[in-house]
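Written below as structure tokens is the structure these notes are about.
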Amino acid sequence: MNPALPVFRYHPDPLATGMIEPFDGECPCCEQERGYRYTSTPFAEEEWPDLCPWCIADGSAAERLDAEFTDAAGVGGYGRWEEVPGAVIQIISTRTPGFSGWQQEQWWTHCGDGAAFLGRAGAAELARFPQFAAAMREPLALPAEAWARFSQALDKGGSPTAYLFQCLHCGAYGGYADAD
């Protein structure tokens, strides 16, 4: 029986987002069979597939591999969103499972902190989260007709897609969209 997965403040359900999955093999960092693996590879000189979530959570994977799971400069959208303390950037980039995007991933920030990554979003998710839809539309400044076409084209499993985050303090939704 496997112990409960580590808790990731900024990525609360990595099983639901598909970034952690069951796995029978050995983690290349701790050399243990932990029952789960990270489905992506960190940003490092060498590729390190199949890292366990415990090595991500305790920072040993980042330290041992000199790796990041999210580009530190992408926390805050390369300056587009709120600035956050260096400690928050460090936790998100080295101790939190990242996510896979079409282009370079960005981590939404709000209320002076990193937000929780909830997953990819398509048109159906925009309909369920009107706050998120409004937050997506505002910076694009698209006329109503163009926004309607764009928002209906968003595909949770394809391109274009949106990346949904929720502020840990005020509950606001935010994020961004990209395409292949």
**Report entry** TYR78 paired with ASP58, simple spin-label distance in nm, labels 7 Å along Cα-to-beta-carbon
**Finding:** 3.6
Query - Probe 1.4 Å, accessible area per residue of the range 1-76, Å² - result: 53
Query raised in the report: With each run of n ≥ 4 DSSP H residues scored as -39500 (n - 2.57), what mean residue ellipticity at 222 nm is computed for the chain after dividing by its residue count and rounding to the nearest 500 deg cm²/dmol?
Result: -7000 deg cm²/dmol
Query raised in the report: How much of the accessible area of the range 59-123, in percent, comes from carbon and sulfur atoms when a 1.4 Å probe is used?
Result: 48
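Quick one: ranking PHE23, PHE117 by accessible area, 1.4 Å probe, largest first, what do you get?
Details: PHE23 50, PHE117 5 Å².
Accessible-area ranking of PHE23, PHE117, largest first: PHE23, PHE117.
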**Report entry** Residue-wise HN-Hα coupling along the range 15-23, computed from phi with Karplus coefficients 6.51, -1.76, 1.60 (Hz; x: Gly, Pro)
**Finding:** 5, 5, 7, x, 8, 10, 9, x, 7
Query raised in the report: Which one, (i) 59, 28, 26; (ii) 69, 46, 24; (iii) 54, 32, 29, gives Cα extents along the principal axes in Å as derived from the coordinates shown?
Result: (iii)
**Report entry** Cα-based shape type of the range 116-177, given that a ≥ b ≥ c are square roots of the gyration tensor eigenvalues and the cut on a/c is 1.5
**Finding:** oblate
Report summary line: Quick calc: nm separation of the 7 Å Cα→Cβ label points for SER100 and ALA153 -> 2.3
Query raised in the report: What is the spread of the Cα atoms of the range 1-81 along each of their three principal axes, largest first, in whole Å?
Result: 43, 27, 18
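The values are calculated or read from the model by the stated rules, or taken from the named source; none is laboratory data. Computed from a predicted structure; not experimentally measured. Don't worry about glycine lacking a Cβ; one is built from the backbone with ideal geometry, like all the others, and counts go over all protein chains shown. Ligands, DNA and RNA are excluded from the accessible area calculation, which covers all protein heavy atoms including side chains. Shrake-Rupley method; radii C 1.70, N 1.55, O 1.52, S 1.80 Å.
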